[in-house]
Amino acid sequence: MCHKPSAKGPCAHMTCMWSLEQTMTATSAPPKRSDFLPFSPPTIGEEEIQEVVDTLRSSWITTGPKTKRFEGEFASFLRAPGALALNSCTAALHTALKTLGIGPGDEVITTPMTFAASVNVIEHVGARPVLVDVEPDTLNIDPRAVAAAITPRTRALLPVHFAGHPADLDPLRALADTHACALVEDAAHALPACYKGQPIGSGGNPVAFSFYATKNLTTGEGGILTADPEFLAQARVVSLHGMSRDAWKRYDKGGSWFYEVLLPGFKYNMTDIQAALGLWQLRKLERFQQRRREVVSLYDRAFSPERALETPTTRPDVEHAWHLYVLRLREDALTIGRDRFIQELADRNIGTSVHFIPIHIHPYYRDKYGFTPESFPVAHGNYRRMLSLPLNPGLTDRDVGDVIDAVLDVVRSYRA
């Protein structure tokens, strides 16, 4: 599964609609598409549609046979010991922390450079989120900062694989082992990333994936938790009302109506309608990833020579999932800031986003824990100059060229 992109680049095996040389030297009027290019629409084909229709025509639409198949095929794809399909990555993270017994008085160390869900779940279980800064190249959690933040109350480390680039797991695993705390990975961006040749999610510790509409594999909403089977057996109870037997085991042929509530669990199950989408998306994932790598190669070739732009980092010991292409502006090379840059792209009909508004500047966390923007200077400094460009397998060469033209035109127009 883990492989490196071809050094030849995408144009070695496909016909580019125009050369990058033409794109980068265009001197015509500011380019503008005739239609708006969305940031990250889902890529859904007829196979997914027919699989959903088949589910709707069956006798089972909630958690049932297709969810079970999806769990098995997903685990096989990652070489994971087991998988539990849920209704979101948030649910997977929350379920993992609850299954670990983390609660009031405990601390969980995580990153400010993430979506709120990664930290909200720590609050949900009553524990204290301890934020530490990120590494300046990958924007992943800094293991040295983690080591400095560990206390006797630390129960878990929760790294986030930012944008699809794996966090540096070896030192994090060593810290978790040394201090007898859990390692729970937020892999919402990291399908199908690899760290030192091993797929993210292939180990025995809890790893949470997202299948939200913008993700590399989508089920509309949805997520999955990979871990050892023994852990997942407990997590499955937590994720469905604390019941000893799910609906399929009760209502399918040979099932029994009897069940017991073993603990006050949650309603986090994935439906067969969602799993029907996931089954086909999983089969297409490698093709989707090839196209993502092609788009990244085109972006890198266009933007790397430009002094005003910093392209994403990829360390040599990982395979990047390329969920996001995060471009960073060099502020001293431009007369405008990030927000105006985004507006200029929107004026040229190019959709973008920002990943992420750091946790410590959101009002809830800022006020509760007394953070200032400079509490985590690497995260905050990079946030001020970052934007995410369109990156999805549905992009055509013309779409990619339009993005490149627009970005470079804004740079030319506002060069310091």
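The values are calculated or read from the model by the stated rules, or taken from the named source; none is laboratory data. Treat the numbers as computed from the prediction; the structure is a model and nothing was measured. Glycine also receives a Cβ, built like all others from the backbone with ideal geometry; neighbour counts cover every protein chain displayed. We work out accessible area using only protein heavy atoms, side chains counted, and drop any ligands, DNA or RNA first. Shrake-Rupley method; radii C 1.70, N 1.55, O 1.52, S 1.80 Å.
General remarks:
- Charge context of ASP272, other residues only, Cβ under 11 angstrom, K/R +1, D/E -1: +1
- With R₀ fixed at 35 Å, the C-beta to C-beta distance from GLU46 to HIS362 puts the FRET efficiency at about 0.30.
- Label-point separation, TYR369 to ASP317 (7 Å along Cα→Cβ), nm: 2.7 nm
- For region 70-140, radius of gyration divided by Kirkwood radius, i.e. Rg to Rh on alpha-carbons: 1.04
- Label point of LYS284 set 7 angstrom out along Cα-Cβ; within region 33-64, amide nitrogens under 13 Å from it belong to 41-52.
- Shown is the FRET efficiency for VAL354 and SER256, computed with R0 = 30 Å from the Cβ-Cβ distance and rounded to the nearest 0.05: 0.05.
- Taking Cβ atoms as reference points and 15 Å as the exclusive limit, the residues near ALA213 contribute a net charge of -1, counting Lys and Arg as +1 and Asp and Glu as -1.
- The candidates TRP280, TRP60, TRP322, arranged from most to least accessible area with a 1.4 Å probe in the full protein assembly, appear as TRP280, TRP60, TRP322.
- The alpha-carbon atoms of region 126-217 define a convex hull whose volume equals 110 cubic angstrom per residue.
- Relative frequency of Cα-Cα separations exceeding 16 Å in region 272-325, percent: 56 percent
- In region 23-142, the inverse of the mean reciprocal separation of distinct Cα atoms equals 19.1 Å; this is its Kirkwood hydrodynamic radius.
- Taking 0.36 nm per residue of separation and subtracting the current Cα-Cα distance, fully stretching the chain between SER244 and LEU56 would add 65.0 nm.
- Rounded tilt (10° steps) of 46-56 against the dominant C-alpha axis of the chain: 20 degrees
- Helix-only mean residue ellipticity at 222 nm for the chain, each DSSP H run of n ≥ 4 adding -39500 (n - 2.57), per residue, nearest 500: -11500 deg cm²/dmol
- Area of HIS124 that stays accessible when all protein chains are in place (1.4 Å probe, Å², to 10): 120 Å²
- Ranked by the mean number of other Cβ atoms within 10 Å per residue, highest first, peptides 155-161, 362-368, 305-311 order as 155-161, 305-311, 362-368.
- Per-pair calculated FRET efficiency, R0 = 25 Å: ASP137 and LYS196 via Cβ, rounded to 0.05: 0.90
- Note on the chain: with neighbouring protein chains present and a 1.4 Å probe, carbon and sulfur make up 54 percent of its accessible heavy-atom surface.
- Computed from the Cα positions only, the extents of region 198-295 along the three principal axes stand at 53, 28, 21 Å, in decreasing order.
- Remark on the chain: Rg and Dmax equal 22.2, 73 Å (Cα only).
- Ratio Rg/Rh, restricted to region 312-410 and using Cα atoms, in which Rh is the Kirkwood radius: 1.02
- Between region 144-185 and region 361-378, the Cα center-to-center distance that results, in Å: 21 Å
- Candidate aspartates and glutamates - alpha carbon under 15 Å from LYS215, same-chain residues fewer than 8 apart omitted: ASP186, GLU286
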